[in-house]
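The structure appears below as structure tokens.
The values are calculated or read from the model by the stated rules, or taken from the named source; none is laboratory data. Treat the numbers as computed from the prediction; the structure is a model and nothing was measured. A quick note on method: Cβ atoms are made from the backbone with ideal geometry, for glycine too, and the neighbour counts reach across all protein chains shown. Surface accessibility is based on the protein's heavy atoms, side chains included, excluding ligands, DNA and RNA. Shrake-Rupley method; radii C 1.70, N 1.55, O 1.52, S 1.80 Å.
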Amino acid sequence: GLRLHSMHAPIVAYSLASGDEARRRAALAETRATLDIAHRIPYSYLVVHLGVPDAEAAMPGDNRPDAARRSLEDIASLAQAVNVRVAVEIIPNGLSSASGLCAMLEEDRDGPDIGICLDYGHAHMMGDLGEAIEVIGGHVWTTHVHDNDGRQDAHGVRFTGRIDWAAAMVETQKVGYEGVLMFEVADSGDAADVLARTARARERLARLLVTFSLPGLD
């Protein structure tokens with residue numbers, strides 16, 4: 001009876017936006033393997049990265065918009081066959097910024113039905129988090145919740161960085177998102193301690209949502 005909210009396609013050493021067709025197809029093969037899991041354990045959303053983050057050593061042609069579009073068409077077709085929806089994640093590169101993803105989705109209105117994964121930590125690193133939430137608006141299908149200092153992608157437990165979570169939750173409510181807030185914290189350190197701190201952060205978030213009369217956590 002287990003059903004997952006989302007799965008993440010593999011990202012390390014893979015680029016779905018690679019201009020090198022062999023590398024792009026290798027990334028597609030790994031993504032297909034993630035979708036195959038849905039035959040055994042159903043889930044609602046597949047979260048994918050387009051391209052390589054700026055902080056990593058991107059190879060020439062790793063972040064090609066044309067290659068990204070071809071990959072999304074292929075993935076959407078595979079995902080539809082297993083009842084999964086595809087959400088592209090905000091990550092720190094020009095291709096996958098809030099405005100970049102919206103432009104891609106809105107330019108291809110006749111293309112596959114694809115949404116956005118609002119990654120709060122990544123959007124915070126790229127500038128104005130509130131503005132990013134407003135830009136992606138009704139495209140948000142799922143989320144990744146973690147904190148940082150605005151420079152390092154630390155994937156810290158919520159309330160340990162510099163994100164103004166009260167403002168972020170108000171902006172999230174304004175664009176009409178009432179879905180799951182998925183914590184995506186780093187797996188470093190003692191696992192039990194990380195989980196305990198995450199649970200406390202969740203309780204604090206729940207109180208915050210009540211204070212602002214926002215939709216509750218699932």
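What length, rounded to one decimal in nm, is gained on full extension from ALA57 through to GLU30, with 0.36 nm per residue of separation minus their alpha-carbon distance? Please list the in-between numbers first.
Working: separation 27, 0.36 × 27 = 9.72 nm, distance 2.05 nm.
Going from the current span to full extension adds 7.7 nm.
Which one of GLY179, ALA17, ALA167 is farthest out on the positive end of the charge dipole of the chain, using unit charges on Cβ (Lys, Arg +1; Asp, Glu -1) and the Cα centre as origin?
Checked the options; the winner is GLY179.
Among ALA103, LEU72, THR143, whose Cα projects farthest towards the positive end of the dipole of the chain, with charges put on the beta-carbon of Lys, Arg (+1) and Asp, Glu (-1)?
Sorting the options by dipole projection puts first THR143.
If the only charges are +1 at each Lys and Arg Cβ and -1 at each Asp and Glu Cβ, what is the size of the charge dipole of the range 101-159 around the Cα centre, to the nearest 20 debye? Walk me through the intermediate numbers first.
Working: 3 positive and 12 negative charges, 54 e Å.
Once rounded to the nearest 20, the dipole reads 260 debye.
Rounded to a whole number, what % of the accessible area of the range 1-147 do carbon and sulfur atoms account for, probe 1.4 Å? Write down the numbers at each step before the final one.
Numbers: 3260 of 6550 Å².
In the range 1-147, the share of accessible area belonging to carbon and sulfur is 50 percent.
Sort ASP113, ASP36, ASP147 by heavy-atom solvent-accessible area, probe 1.4 angstrom, most to least. Display every interim value, and only then the final one.
Numbers: ASP113 115, ASP36 70, ASP147 0 Å².
I get ASP113, ASP36, ASP147, largest accessible area first.
Mean 1/r over all different Cα pairs, inverted: what Kirkwood radius does the range 58-124 give, in Å? Show your work: numbers first, answer last.
On the way: mean 1/r = 0.0792 Å⁻¹.
After inverting the pairwise mean of 1/r, the radius is 12.6 Å.
Just the number please: accessible area per residue for the range 1-93, 1.4 Å probe, all protein chains included, in Å². Write out the running numbers ahead of the final one.
Numbers: 4550 Å² over 93 residues.
Averaged over the residues of the range 1-93, the accessible area is 49 Å².
Sort 187-197, 53-63 by the packing proxy (mean of other Cβ within 10 Å over each peptide's residues), most packed first. Write down the numbers at each step before the final one.
Numbers: 187-197: 11.0, 53-63: 14.6.
Ranked by mean Cβ neighbours within 10 Å, highest first: 53-63, 187-197.
On full extension of the chain, what length is gained from LEU4 through ASP193, given 0.36 nm per residue of separation minus the C-alpha to C-alpha distance?
Values: separation 189, 0.36 × 189 = 68.04 nm, distance 2.35 nm.
Length gained, LEU4 through ASP193: 65.7 nm.
Please give the charge dipole size of the chain, origin at the Cα centre, charges +1 on K and R Cβ atoms and -1 on D and E Cβ atoms. Round to the nearest 20 debye.
Details: 20 positive and 32 negative charges, 117 e Å.
For the chain, the charge dipole is close to 560 debye.
Would you calculate the convex hull of the Cα atoms in the chain and tell me its volume per residue in Å³?
It is 125 Å³ per residue.
How high is the relative contact order of the chain, in percent, with contacts defined as C-alpha pairs under 8 Å that are six or more residues apart? Write down the numbers at each step before the final one.
Numbers: 380 pairs, mean separation 30.9, N = 218.
RCO, the chain: 14 percent.
Given H placed on each backbone N at 1.01 Å, which residues far from ARG85 in sequence or on other chains put an amide H within less than 5 Å of it?
Answer set, sorted by chain and number: TYR45, LEU46.
To the nearest 500 deg cm²/dmol, what mean residue ellipticity at 222 nm is calculated for the chain from DSSP H runs of n ≥ 4 alone, each contributing -39,500 (n - 2.57), summed and divided by the residues?
Details: 7 runs with 88 residues, N = 218.
About -12500 deg cm²/dmol.
At 1.4 Å probe size, put MET7, MET169 in order of accessible surface, largest to smallest.
Working: MET7 45, MET169 5 Å².
Descending order: MET7, MET169.
Cα atoms only: what Rg and Dmax, in Å, come out for the range 1-95?
Computed over the Cα atoms of the range 1-95, radius of gyration and Dmax are 13.0, 45 Å.
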